[in-house]
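One structure is given here, and the rest of the page talks about it.
The values are calculated or read from the model by the stated rules, or taken from the named source; none is laboratory data. Because the structure is a prediction, the values reported are computed rather than measured. A quick note on method: Cβ atoms are made from the backbone with ideal geometry, for glycine too, and the neighbour counts reach across all protein chains shown. These area figures cover heavy atoms from the full protein model, side chains too; ligands, DNA and RNA do not enter into them. Shrake-Rupley method; radii C 1.70, N 1.55, O 1.52, S 1.80 Å.
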Amino acid sequence: MQFLRSPYLAIALGALLVFMLAAIGGRFTGPGLAAQLAQQAPAVIEKAGGGTRVEAHFRSPSGWPSRHPLLTGGEPLDETTRQAVALAVNAIPGAGGIRWSDGDALVEADEARLNPLHCQEDVQALLRARTIRFEESSARIDKPSRALIAEVAQALRPCLGAIIAITGHTDKSGPDAANIALSRERALAVRQALIARGIPADGLRAEGKGSHEPVEGLLPSDPANRRIEFEVLATEPIKPTPVDTPSAR
Amino acid sequence: MPIWMELFVLMLIAYALGLAIGWAIWAREN
(Lines give C-alpha, C1' and ligand atoms only; values in the text may rest on other atoms or scores of the structure.)
Protein backbone atom coordinates (compact mmCIF):
# COMPACT_ATOMS: atom_id res chain seq x y z
CA MET A 1 0.00 0.00 0.00
CA GLN A 2 3.08 2.20 -0.30
CA PHE A 3 1.74 3.89 -3.40
CA LEU A 4 -1.27 5.20 -1.48
CA ARG A 5 1.09 7.35 0.56
CA SER A 6 1.18 9.87 -2.27
CA PRO A 7 -1.84 12.11 -1.71
CA TYR A 8 -2.43 13.04 -5.33
CA LEU A 9 -2.60 9.46 -6.49
CA ALA A 10 -4.98 8.58 -3.69
CA ILE A 11 -7.22 11.53 -4.51
CA ALA A 12 -7.22 10.60 -8.18
CA LEU A 13 -8.11 7.02 -7.35
CA GLY A 14 -10.87 8.30 -5.13
CA ALA A 15 -12.28 10.37 -7.98
CA LEU A 16 -12.15 7.36 -10.26
CA LEU A 17 -13.98 5.33 -7.63
CA VAL A 18 -16.65 8.04 -7.44
CA PHE A 19 -17.04 7.92 -11.21
CA MET A 20 -17.45 4.16 -11.22
CA LEU A 21 -19.97 4.31 -8.39
CA ALA A 22 -21.95 6.93 -10.30
CA ALA A 23 -21.83 4.95 -13.54
CA ILE A 24 -22.98 1.77 -11.84
CA GLY A 25 -25.60 3.58 -9.79
CA GLY A 26 -26.83 5.36 -12.90
CA ARG A 27 -26.96 2.15 -14.89
CA PHE A 28 -29.18 0.52 -12.28
CA THR A 29 -31.43 3.39 -11.21
CA GLY A 30 -31.49 5.58 -14.33
CA PRO A 31 -33.87 3.68 -16.62
CA GLY A 32 -36.24 3.05 -13.71
CA LEU A 33 -36.46 6.73 -12.82
CA ALA A 34 -36.92 7.78 -16.43
CA ALA A 35 -39.64 5.17 -16.92
CA GLN A 36 -41.42 6.31 -13.77
CA LEU A 37 -41.45 9.92 -14.99
CA ALA A 38 -42.52 8.88 -18.46
CA GLN A 39 -45.42 6.97 -16.97
CA GLN A 40 -46.77 10.01 -15.16
CA ALA A 41 -46.30 12.40 -18.05
CA PRO A 42 -49.22 11.58 -20.43
CA ALA A 43 -51.89 12.08 -17.75
CA VAL A 44 -50.33 15.37 -16.69
CA ILE A 45 -50.05 16.60 -20.28
CA GLU A 46 -53.64 15.71 -21.06
CA LYS A 47 -54.81 17.53 -17.95
CA ALA A 48 -52.91 20.67 -18.95
CA GLY A 49 -54.57 20.73 -22.35
CA GLY A 50 -51.92 19.13 -24.51
CA GLY A 51 -54.16 16.29 -25.63
CA THR A 52 -52.54 13.11 -26.85
CA ARG A 53 -50.32 14.64 -29.55
CA VAL A 54 -47.75 16.05 -27.12
CA GLU A 55 -45.28 13.48 -25.83
CA ALA A 56 -42.58 13.76 -23.20
CA HIS A 57 -39.42 11.82 -23.99
CA PHE A 58 -37.22 11.43 -20.94
CA ARG A 59 -33.97 10.98 -22.84
CA SER A 60 -30.91 13.14 -23.25
CA PRO A 61 -29.85 14.08 -26.81
CA SER A 62 -27.24 11.32 -26.67
CA GLY A 63 -29.87 8.74 -25.77
CA TRP A 64 -29.21 8.18 -22.05
CA PRO A 65 -32.16 8.13 -19.65
CA SER A 66 -32.62 11.63 -18.32
CA ARG A 67 -34.98 13.44 -15.99
CA HIS A 68 -35.16 16.37 -18.41
CA PRO A 69 -37.89 15.68 -20.98
CA LEU A 70 -37.99 16.61 -24.62
CA LEU A 71 -41.55 17.57 -25.56
CA THR A 72 -42.62 16.78 -29.10
CA GLY A 73 -45.85 17.36 -30.98
CA GLY A 74 -46.50 20.88 -29.72
CA GLU A 75 -46.67 22.57 -33.13
CA PRO A 76 -50.46 22.86 -33.46
CA LEU A 77 -50.91 24.29 -29.96
CA ASP A 78 -50.96 27.98 -29.10
CA GLU A 79 -48.46 29.63 -26.80
CA THR A 80 -50.55 29.63 -23.61
CA THR A 81 -51.33 25.92 -23.89
CA ARG A 82 -47.68 25.16 -24.54
CA GLN A 83 -46.69 27.17 -21.47
CA ALA A 84 -49.29 25.32 -19.37
CA VAL A 85 -48.08 21.94 -20.60
CA ALA A 86 -44.45 22.88 -19.92
CA LEU A 87 -45.27 24.01 -16.37
CA ALA A 88 -47.36 20.90 -15.72
CA VAL A 89 -44.61 18.52 -16.85
CA ASN A 90 -42.05 20.49 -14.84
CA ALA A 91 -44.25 20.08 -11.76
CA ILE A 92 -43.95 16.27 -11.85
CA PRO A 93 -41.82 15.49 -8.79
CA GLY A 94 -38.36 14.63 -10.04
CA ALA A 95 -38.70 16.03 -13.55
CA GLY A 96 -36.25 18.72 -14.56
CA GLY A 97 -35.85 21.16 -17.43
CA ILE A 98 -38.33 21.10 -20.32
CA ARG A 99 -37.13 21.26 -23.89
CA TRP A 100 -39.45 21.59 -26.87
CA SER A 101 -38.40 19.84 -30.06
CA ASP A 102 -39.44 22.88 -32.11
CA GLY A 103 -38.22 25.56 -29.71
CA ASP A 104 -34.91 26.73 -28.30
CA ALA A 105 -33.52 23.21 -28.58
CA LEU A 106 -33.10 23.93 -32.29
CA VAL A 107 -30.75 26.76 -31.42
CA GLU A 108 -28.63 24.71 -29.04
CA ALA A 109 -28.29 21.83 -31.49
CA ASP A 110 -25.28 21.58 -33.74
CA GLU A 111 -27.40 21.83 -36.86
CA ALA A 112 -26.46 24.67 -39.14
CA ARG A 113 -28.44 27.84 -38.51
CA LEU A 114 -30.76 28.68 -41.35
CA ASN A 115 -29.77 31.75 -43.29
CA PRO A 116 -32.33 34.36 -42.25
CA LEU A 117 -32.60 35.96 -45.66
CA HIS A 118 -33.99 32.65 -46.87
CA CYS A 119 -36.96 33.37 -44.62
CA GLN A 120 -37.61 36.63 -46.41
CA GLU A 121 -37.67 34.82 -49.74
CA ASP A 122 -40.12 32.26 -48.38
CA VAL A 123 -42.47 34.95 -47.19
CA GLN A 124 -42.19 36.94 -50.40
CA ALA A 125 -42.94 33.83 -52.41
CA LEU A 126 -46.10 33.36 -50.38
CA LEU A 127 -47.16 36.96 -50.82
CA ARG A 128 -46.40 37.14 -54.52
CA ALA A 129 -49.58 35.42 -55.56
CA ARG A 130 -51.82 36.45 -52.66
CA THR A 131 -52.14 39.54 -50.50
CA ILE A 132 -53.26 39.99 -46.95
CA ARG A 133 -56.55 41.76 -47.29
CA PHE A 134 -58.29 43.94 -44.79
CA GLU A 135 -61.87 45.02 -44.40
CA GLU A 136 -62.79 48.30 -46.07
CA SER A 137 -60.93 51.22 -44.42
CA SER A 138 -60.18 49.21 -41.30
CA ALA A 139 -57.34 47.26 -39.79
CA ARG A 140 -59.28 44.01 -39.39
CA ILE A 141 -57.77 41.19 -41.36
CA ASP A 142 -60.51 39.55 -43.37
CA LYS A 143 -61.29 35.87 -42.98
CA PRO A 144 -59.63 34.35 -46.09
CA SER A 145 -56.39 36.13 -45.25
CA ARG A 146 -56.18 34.43 -41.88
CA ALA A 147 -55.00 31.22 -43.54
CA LEU A 148 -52.36 33.22 -45.38
CA ILE A 149 -51.18 34.74 -42.10
CA ALA A 150 -50.86 31.22 -40.66
CA GLU A 151 -48.69 30.26 -43.62
CA VAL A 152 -46.56 33.38 -43.18
CA ALA A 153 -46.13 32.50 -39.48
CA GLN A 154 -45.05 29.01 -40.53
CA ALA A 155 -42.52 30.46 -42.98
CA LEU A 156 -41.16 32.84 -40.33
CA ARG A 157 -40.94 30.18 -37.63
CA PRO A 158 -37.40 28.97 -38.49
CA CYS A 159 -36.19 32.57 -38.30
CA LEU A 160 -35.98 32.55 -34.52
CA GLY A 161 -33.70 35.42 -33.64
CA ALA A 162 -34.30 37.49 -36.75
CA ILE A 163 -35.80 40.95 -36.49
CA ILE A 164 -38.60 41.30 -38.99
CA ALA A 165 -40.03 44.62 -40.13
CA ILE A 166 -43.72 44.65 -41.09
CA THR A 167 -44.53 47.67 -43.20
CA GLY A 168 -48.00 48.72 -44.25
CA HIS A 169 -48.50 50.63 -47.47
CA THR A 170 -51.55 52.29 -48.98
CA ASP A 171 -52.36 53.98 -52.24
CA LYS A 172 -52.67 57.72 -52.61
CA SER A 173 -56.43 58.06 -52.16
CA GLY A 174 -57.43 60.14 -49.15
CA PRO A 175 -55.46 62.40 -46.79
CA ASP A 176 -51.84 61.56 -46.15
CA ALA A 177 -51.99 61.50 -42.36
CA ALA A 178 -54.97 59.13 -42.45
CA ASN A 179 -53.13 56.83 -44.85
CA ILE A 180 -50.10 56.66 -42.61
CA ALA A 181 -52.29 55.95 -39.60
CA LEU A 182 -54.27 53.28 -41.42
CA SER A 183 -51.18 51.56 -42.83
CA ARG A 184 -49.66 51.55 -39.35
CA GLU A 185 -52.83 50.06 -37.87
CA ARG A 186 -52.81 47.34 -40.49
CA ALA A 187 -49.14 46.53 -39.91
CA LEU A 188 -49.86 46.32 -36.17
CA ALA A 189 -52.81 44.01 -36.81
CA VAL A 190 -50.59 41.70 -38.84
CA ARG A 191 -47.99 41.86 -36.08
CA GLN A 192 -50.58 40.84 -33.45
CA ALA A 193 -51.80 38.02 -35.64
CA LEU A 194 -48.27 36.69 -36.03
CA ILE A 195 -47.60 36.97 -32.29
CA ALA A 196 -50.76 34.95 -31.66
CA ARG A 197 -49.33 32.27 -33.93
CA GLY A 198 -46.08 31.99 -32.05
CA ILE A 199 -43.61 34.44 -33.54
CA PRO A 200 -41.83 36.16 -30.62
CA ALA A 201 -43.04 39.72 -30.15
CA ASP A 202 -39.66 41.38 -29.76
CA GLY A 203 -38.62 40.18 -33.19
CA LEU A 204 -41.42 42.00 -34.97
CA ARG A 205 -41.46 45.73 -35.73
CA ALA A 206 -44.51 47.29 -37.34
CA GLU A 207 -44.71 50.61 -39.12
CA GLY A 208 -46.90 52.37 -41.62
CA LYS A 209 -45.56 54.25 -44.61
CA GLY A 210 -48.84 55.42 -46.10
CA SER A 211 -48.39 56.06 -49.81
CA HIS A 212 -44.80 57.25 -49.54
CA GLU A 213 -43.22 54.14 -50.95
CA PRO A 214 -45.19 52.88 -53.92
CA VAL A 215 -44.17 49.68 -55.65
CA GLU A 216 -41.38 50.29 -58.16
CA GLY A 217 -42.83 50.98 -61.53
CA LEU A 218 -46.33 51.83 -60.30
CA LEU A 219 -47.99 55.20 -59.82
CA PRO A 220 -48.77 56.11 -56.22
CA SER A 221 -52.47 56.20 -57.01
CA ASP A 222 -52.48 52.59 -58.21
CA PRO A 223 -54.55 50.49 -55.76
CA ALA A 224 -52.04 47.67 -56.13
CA ASN A 225 -49.87 49.70 -53.76
CA ARG A 226 -52.06 48.60 -50.88
CA ARG A 227 -49.91 45.88 -49.38
CA ILE A 228 -48.01 44.57 -46.39
CA GLU A 229 -44.30 44.04 -46.79
CA PHE A 230 -42.01 41.88 -44.67
CA GLU A 231 -38.32 42.47 -44.41
CA VAL A 232 -35.78 40.56 -42.36
CA LEU A 233 -33.58 43.26 -40.84
CA ALA A 234 -31.03 41.55 -38.70
CA THR A 235 -30.35 38.46 -36.72
CA GLU A 236 -29.85 38.53 -33.04
CA PRO A 237 -28.46 35.36 -31.54
CA ILE A 238 -31.15 33.71 -29.45
CA LYS A 239 -30.50 33.30 -25.75
CA PRO A 240 -32.10 29.96 -24.87
CA THR A 241 -34.07 30.05 -21.64
CA PRO A 242 -32.24 28.32 -18.80
CA VAL A 243 -33.13 24.71 -18.13
CA ASP A 244 -35.26 25.40 -15.09
CA THR A 245 -37.61 28.02 -16.54
CA PRO A 246 -40.27 25.99 -18.36
CA SER A 247 -41.71 28.06 -21.15
CA ALA A 248 -43.57 27.77 -24.40
CA ARG A 249 -40.42 27.42 -26.47
CA MET B 1 -28.06 15.80 -18.70
CA PRO B 2 -28.21 12.02 -18.41
CA ILE B 3 -29.06 10.70 -14.98
CA TRP B 4 -25.71 8.97 -14.46
CA MET B 5 -23.94 12.24 -15.24
CA GLU B 6 -26.01 14.14 -12.69
CA LEU B 7 -25.23 11.42 -10.13
CA PHE B 8 -21.54 11.73 -10.94
CA VAL B 9 -21.54 15.51 -10.50
CA LEU B 10 -23.31 15.30 -7.15
CA MET B 11 -21.07 12.54 -5.87
CA LEU B 12 -17.97 14.36 -7.06
CA ILE B 13 -19.06 17.48 -5.17
CA ALA B 14 -19.66 15.36 -2.06
CA TYR B 15 -16.24 13.77 -2.52
CA ALA B 16 -14.54 17.14 -2.85
CA LEU B 17 -16.32 18.43 0.26
CA GLY B 18 -15.32 15.31 2.13
CA LEU B 19 -11.72 15.78 1.05
CA ALA B 20 -11.73 19.42 2.10
CA ILE B 21 -13.21 18.65 5.51
CA GLY B 22 -10.87 15.71 6.01
CA TRP B 23 -7.87 17.83 5.10
CA ALA B 24 -8.98 20.58 7.46
CA ILE B 25 -9.25 18.11 10.33
CA TRP B 26 -5.89 16.57 9.47
CA ALA B 27 -4.26 20.00 9.31
CA ARG B 28 -5.72 20.86 12.69
CA GLU B 29 -4.42 17.81 14.39
CA ASN B 30 -0.95 18.13 12.91
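Structure data summary
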quantity	calculated
Among (1) open to solvent by 80 Å² or more (accessible area, probe 1.4 Å); (2) within 14 Å of another protein chain (Cβ to nearest Cβ); (3) at pLDDT 90 or above, the one test that A:K47 misses	(2)
Which numbered condition A:R227 fails, given (1) in contact (Cβ under 8 Å) with a residue 60 or more places away in the chain; (2) under 30 Å from A:A248 (Cβ atoms)	(2)
Those residues of the range A:74-91 which are open to solvent by less than 30 Å² (accessible area, probe 1.4 Å) and of a type in the set (A, V, I, L, M, F, W, C), in sequence order	A:V85, A:A86, A:A88, A:V89
Residue match in the range A:20-39 (condition: part of a helix (DSSP H, G or I), more than 14 Å from chain B (Cβ to nearest Cβ) and open to solvent by 30 Å² or more (accessible area, probe 1.4 Å))	yes
Where a residue in the range A:133-148 is of a type in the set (K, R) and its partner, wherever it lies, is surrounded by 14 or more Cβ atoms within 10 Å (Cβ to Cβ), with Cβ under 6 Å and at least six apart	A:R133/A:S145
Subset of the range A:51-73 [in contact with a Gly (Cβ under 7 Å, 6 or more places away or on another chain), buried (at least 18 other Cβ atoms within 10 Å of the Cβ) and away from chain B (no Cβ under 13 Å)]	A:V54
Residue list for the range A:159-172, filter: free of Cβ contacts under 8 Å to residues at least 60 places away in the same chain and surrounded by fewer than 17 Cβ atoms within 10 Å (Cβ to Cβ)	A:K172
Selection count, the range A:170-194, where residues are within 12 Å of A:F134 (Cβ to Cβ) and outside any helix (DSSP H, G or I)	1
Matching residues, the range A:47-79, being farther than 30 Å from A:A23 by Cα and of a type in the set (D, E, K, R)	A:K47, A:R53, A:E75, A:D78, A:E79
Residues located in the range A:50-80, provided they are among the aliphatic types (A, V, I, L, M), modelled with pLDDT of 90 or more and assigned to a loop (DSSP other than H, G, I, E, B)	A:V54
